[in-house]
1. Restricting attention to region 319-339, which residues are buried (at least 18 other Cβ atoms within 10 Å of the Cβ) and over 22 Å from the mean Cα position of the chain (by Cα)?
2. Against the conditions (1) under 18 Å from the mean Cα position of the chain (by Cα); (2) under 30 Å from residue 197 (Cβ atoms); (3) assigned by TED's automatic domain parsing to the domain that holds residue 331, where does residue 217 fall short? Just the number, please.
3. Please specify each residue of region 250-275 satisfying the condition of being under 28 Å from residue 210 (Cα atoms) and part of a helix (DSSP H, G or I).
4. Considering only residues that are in a helix (DSSP H, G or I), under 23 Å from residue 147 (Cβ atoms) and in contact with a helix residue (DSSP H, G or I) (Cβ under 7 Å, 6 or more places away or on another chain), which ones fall in region 74-108?
5. Answer yes or no: is there a residue in region 257-270 that is under 23 Å from the mean Cα position of the chain (by Cα) and surrounded by fewer than 21 Cβ atoms within 10 Å (Cβ to Cβ).
6. In region 300-313, which residues are assigned to a helix (DSSP H, G or I) and surrounded by fewer than 21 Cβ atoms within 10 Å (Cβ to Cβ)?
7. What about residue 316, is it in a helix (DSSP H, G or I) and either surrounded by 15 or more Cβ atoms within 10 Å (Cβ to Cβ) or in contact with a helix residue (DSSP H, G or I) (Cβ under 6 Å, 6 or more places away or on another chain) (or both)?
């Protein structure tokens, strides 16, 4: 006797995968720009760059969400984790001065639950659309035995474009340039292994036993900076930029300038969100640990020429995007960053 539905009996539900594609289809197709050729289902995704660029350079990036996924799984909340994914990839591309073009996502899941998969991918699609890009393709894989029940993992690959002579170049940063900080929404998507240790989150129930305000703060999605920053790039107001992710301010800001200058930052010039103070207090963490792990309230730092600061700040204000002047570049003597004022911890 032959084995009917052998693949499904082994744990892979092809029909569920097809249903998930149907459910997410409208959200994905809504991201398509005229440059997208073809639709869902092809063996490859096609994107026409067009003829409007003089000397285009493609900027690519790939990333995941990390162990923040464990908290989304614990809460059974899957509608915002896609924004974290898109932000981690596209904010990096933006930091090179590039306009986001398209994204491909990869979702690996223990069991293909169409509604859950559609919710996750719809979140990815909405965030992709928000940064002006297209969710041009992706892959959803059902991998029983690879992941624990109800668990999944996310990754994405994105591409942006910038004219060669408009790429942000750290060597263009000079003493006297001004640092503008764009606030984060919270922890964003880095440091969650330490966060889970600090709050004693070892099982799903541990997260659900936290106060609702803490659960909300820990799941707050990463900010998408493209809508606020792209107009500044179009006006050539930004010299360089740093996306503050893993490694915090001290690990990422120095990547945005050369070794002839130092960033002089002023404590108190931007608000440090309460969640960071709570993490530091509960974990009894040193200021060094905090600086090297978390964004401390700044998700993106722009470096701007002093005579263009007012214009940049006005444009950000008009876009209803908070921004803070947090310091300036000075000639390098020793350290890549120096701090002014009293540390918060």
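The values are calculated or read from the model by the stated rules, or taken from the named source; none is laboratory data. What you see is a predicted model; the values in this text were computed from it and never measured. Cβ placement follows ideal geometry from the backbone for every residue including glycine, while neighbour counts extend to all protein chains displayed.
1. Once the filter is applied, which keeps residues that are buried (at least 18 other Cβ atoms within 10 Å of the Cβ) and over 22 Å from the mean Cα position of the chain (by Cα), region 319-339 yields 327, 328, 329.
2. Residue 217 satisfies every listed condition except (3).
3. If the condition is that a residue be under 28 Å from residue 210 (Cα atoms) and part of a helix (DSSP H, G or I), then 274, 275 are the ones that fit.
4. 74, 75, 81, 82, 83, 84, 85, 86
5. The answer is no; no qualifying residue exists.
6. Within region 300-313, 306, 307, 308, 309, 310, 311, 313 meet the criteria.
7. yes
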